[in-house]
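One structure is given here, and the rest of the page talks about it.
The values are calculated or read from the model by the stated rules, or taken from the named source; none is laboratory data. This one's a predicted model, so the numbers in the text were calculated from it and none came from an experiment. Cβ placement follows ideal geometry from the backbone for every residue including glycine, while neighbour counts extend to all protein chains displayed.
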Amino acid sequence: MIRRIDLRSQAAVHGDGPADYRTLVPRADIDVAGTLEVVRPIVEDVRRRGVEAIRTYSLRFDGVEQQDIEVPRSALTKALDELEPAVRAGLEESIRRLRATCEAELEHDVVTDVVPGGRVTQRMVPVERVGLYVPGGLAPLVSSVVMNVVPAQVAGVGSLALTSSPQAGHGGLPHPTILAACALLGVEEVYAVGGAQAIAMFAYGAGPCRPVDLVTGPGNIYTVSAKRLVKGVVGIDSEAGPTEIAVLADETADPAYVAADLVSQAEHDPLAASVLVTPSETLADDVTAELDKQVSVTRHAERVRTALTGRQSGIVLVDDLDQGLEVVNAYAAEHLEIQTRDAAAWAARVRNAGAVFVGAFTPVSLGDYAAGSNHVLPTAGCACHSSGLSVRAFRKAMHVVEYSRSALDEVAGHVVALAEAEDLPGHGAAVRVRTEGA
């Protein structure tokens, strides 16, 4: 069911070394650049025609004939009233845990007295208006409502708009569980728009939706491509595409646990990546056997099997855990599980991952819902330079500079010298006029 890649005796590339793990580890063949040309006319059409264009694409892609794209508040209230008590309790606990970690990471202003009379304050300012995208295609990702909204609220964002795909089976509205989560969190501006047209709506505005300053949230390749296309018109959190899990495991790992975790991410999307990195052939054999058993009885067996047999998934055999660690650091997975002896010690050496899950009893599924961490994470190797969604994504740093006359006098000569070195005499003159007079 799942292929094997043998990297034993292949050292990582160092200078002219023989192997580059970034190219040898499984990765989905996702052509965002190519997809740009598919979404470009959609984005441009929404920019020009607004809601009329959105209606066209909702009918074409979602099979929904729309009149209004904005979800009425009565629908939000109704969805919350009809929400199953167990689901509501789960959402409330997820919100509570995530809010606690978000409040703990909230950064405060930093004041530095550089010299007497010269002060620089770094102010942390929330983004004014944010558009939150919640996928609703193969699965109604209600948890993504929580993961997007809570850090934005803790950050102090004043204006939140949220969108999710219209559903033909729900009267052209987003899935009712998504609407219920919005109501639970107090989000009242909600739209029934999905895909690239939703990103364009946020970037340029359409009908009742004003343009936003920042777009966050995961999505499929078309959504990701649209985010890349409008980057610069608006800010984006990251290009979070199809999900990934990597598991670094040794012979102590329980093959049933490992297989279950690989399956859990494979059920997201046929392009989802599930990768096991291990020095144990016995574990590799046992996990393969477990996958055969578990996939046959899972609800979305066809989707899971497609993901596990795709080029993006595989079992990677390594010489030892040290090589395994180099492999997973090169892979830079969205989710990385460590199921080894001394798991915490190995986790402490991880440099590149969206989030790390330590030990046998910390599955990725916990992080998807109720660990207190955020599940909107960098994919496709971007964890080597990018972070997951957090309060920081919704705030920006702004320097406030205040100098007295005496403090300016003290540094004036340095400013003038540097301005002359750059052949910008006007810069120096703006200081001299204050320190030397007209």
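For region 203-224, the tally of residues that are assigned to a strand (DSSP E or B) and either polar (S, T, N, Q) or over 11 Å from Ile236 (Cβ atoms) (or both) stands at 3.
Is it the case that Gly186 is among the small types (Gly, Ala, Ser), under 24 Å from Asp368 (Cα atoms) and surrounded by fewer than 20 Cβ atoms within 10 Å (Cβ to Cβ)?
Details: among the small types (Gly, Ala, Ser): yes; under 24 Å from Asp368 (Cα atoms): yes; surrounded by fewer than 20 Cβ atoms within 10 Å (Cβ to Cβ): yes.
When the stated conditions are applied, Gly186 passes them.
Among residues of region 144-158 that are under 9 Å from Val391 (Cα atoms), those with a Cβ under 6 angstrom from a residue that is among the charged types (D, E, K, R), sequence gap 6+ or separate chain, pair up as Val150/Arg99; Val154/Glu103; Ala155/Arg395.
Each row is one residue, and each column tells you yes or no for (1) in contact with a Gly (Cβ under 9 Å, 6 or more places away or on another chain); (2) among the polar types (S, T, N, Q); (3) modelled with pLDDT of 95 or more; (4) surrounded by fewer than 24 Cβ atoms within 10 Å (Cβ to Cβ).
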| site | (1), (2), (3), (4) |
| --- | --- |
| Glu251 | no, no, yes, yes |
| Pro270 | yes, no, no, yes |
| Glu281 | no, no, yes, yes |
| Ala284 | no, no, yes, yes |
| Leu291 | no, no, yes, no |
| Arg311 | no, no, no, yes |
| Ile315 | no, no, yes, no |
| Asp320 | no, no, yes, yes |
| Val328 | no, no, yes, no |
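For Ala332, the stated conditions hold: it is at positive phi and crowded, with 18+ Cβ neighbours inside 10 Å. Selection within region 139-178: residues that are among the hydrophobic types (A, V, I, L, M, F, W, C) and over 21 Å from the mean Cα position of the chain (by Cα). The member of this set that is surrounded by the fewest Cβ atoms within 10 Å (Cβ to Cβ) is Ala168.
Would you confirm, using the coordinates I've provided, whether Val130 is outside the structural domain of His300 (by TED's automatic domain parsing) and either surrounded by 13 or more Cβ atoms within 10 Å (Cβ to Cβ) or aromatic (Phe, Trp, Tyr) (or both)? Give the derivation first.
Working: outside the structural domain of His300 (by TED's automatic domain parsing): yes; either surrounded by 13 or more Cβ atoms within 10 Å (Cβ to Cβ) or aromatic (Phe, Trp, Tyr) (or both): yes.
Yes: the conditions hold for Val130.
Strands (runs of 3 or more DSSP E) fully within region 95-202 that include at least 2 residues being of a type in the set (D, E, K, R): 118-126.
For region 83-94, enumerate the residues that are in a helix (DSSP H, G or I) and either touching a residue at least 24 places away in the same chain (Cβ under 8 Å) or of a type in the set (Asp, Glu) (or both). Scanning region 83-94 gives Val87, Arg88, Gly90, Leu91, Glu92, Glu93, Ser94.
Of all the criteria given as (1) at pLDDT below 95; (2) in the same structural domain as His175 (by TED's automatic domain parsing); (3) in a loop (DSSP other than H, G, I, E, B); (4) not acidic (Asp, Glu), the one not satisfied by Val38 is (3).
Does Leu214 satisfy the criteria of being out of contact with any Leu (no Cβ under 7 Å at 6 or more places or on another chain), in contact (Cβ under 8 Å) with a residue 24 or more places away in the chain, over 25 Å from Asn329 (Cα atoms) and not polar (S, T, N, Q)?
Values: out of contact with any Leu (no Cβ under 7 Å at 6 or more places or on another chain): yes; in contact (Cβ under 8 Å) with a residue 24 or more places away in the chain: yes; over 25 Å from Asn329 (Cα atoms): yes; not polar (S, T, N, Q): yes.
Criteria met by Leu214.
Could you tell me how many of the residues in region 388-438 are within 43 Å of the chain's Cα centre (by Cα) and either loosely packed, with under 13 Cβ neighbours inside 10 Å or hydrophobic (A, V, I, L, M, F, W, C) (or both)? Residues that pass the stated criteria total 15.
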